[in-house]
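Following: one structure in structure tokens, then a few remarks.
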Amino acid sequence: MPLHADILAAIRRIPRGKVSTYGAVACAAGHPGAARQVVGVLRRSVGLPWQRVLGSGGEIKLRGESGFEQRFRLEAEGVTFRGRRVDMKQHEFKFPRMGKKQTKKPRT
DNA sequence: AAGATGACGCCCG
DNA sequence: CCGGGCGCCATCT
């Protein structure tokens with residue numbers, strides 16, 4: 001499974017009103033250390049909840065209008081901020097256990 | 001193939 | 001809290 005597919009899936013699993021971090025997503029996708037690749041996927045893919053992906057500590061790493069955009073969109077989902085960071089203790093989404101491959105269609 | 005870059009993460013002063 | 005440096009992985013020129 002292409003790494004971007006795993007990352008893509010992980011990002012899509014982030015529920016509304018919750019957020020995650022690049023590193024966490026990469027890890028949840030099964031690619032610890034591939035935080036940068038998470039960024040790549042976010043940029044190339046469209047229709048993803050990119051706003052729910054933040055930097056470590058819940059900090060918005062985007063600059064300029066993009067940063068504002070992200071902040072507003074998150075607040076619109078009910079996410080609260082602590083200064084310039086998202087209140088992670090309240091909105092950090094903990095990815096479910098991922099044994100190996102069984103992540104979506106365990107089907108019989 | 002090599003060099004440079006990126007919405008990163010973590011350590012150190 | 002702030003600034004600086006190094007490591008990671010994939011992509012682009």
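The residues in the stretch A:22-34 that are within 7 Å of DNA strand C (Cβ to nearest atom) and of a type in the set (A, V, I, L, M, F, W, C) can be counted, and the count is 1.
Residues of the stretch A:1-21 that are within 16 Å of A:Q90 (Cα to Cα) and either within 15 Å of DNA strand C (Cβ to nearest atom) or polar (S, T, N, Q) (or both): A:S20, A:T21.
Quick check, is A:R73 modelled with pLDDT of 90 or more and closer than 16 Å to A:L3 by Cα? No; evaluated as a whole, the condition is false for this residue. From the residues in the stretch A:22-78 that are outside any helix (DSSP H, G or I) and touching a residue at least 60 places away in the same chain (Cβ under 8 Å), which one is nearest to A:K94 (Cα to Cα)? In this case the residue turns out to be A:G30.
If only residues of the stretch A:5-30 that are of a type outside the set (A, V, I, L, M) and within 12 Å of DNA strand B (Cβ to nearest atom) are counted, the one that is surrounded by the fewest Cβ atoms within 10 Å (Cβ to Cβ) is A:G23.
For the stretch A:9-21, enumerate the residues that are within 24 Å of A:T80 (Cβ to Cβ) and in a helix (DSSP H, G or I). Correct list: A:A10, A:I11, A:R12, A:R13. Restricting A:V39, A:V25 to residues that are on the phi < 0 side of the Ramachandran plot and touching a Phe, Trp or Tyr at 6+ places or on another chain (Cβ under 7 Å) narrows the list to A:V39.
The values are calculated or read from the model by the stated rules, or taken from the named source; none is laboratory data. Note that the structure is predicted; figures quoted are calculated from it, not measured. Note that each Cβ is placed from the backbone with ideal geometry, even for glycine, and that neighbours are counted across all protein chains shown.
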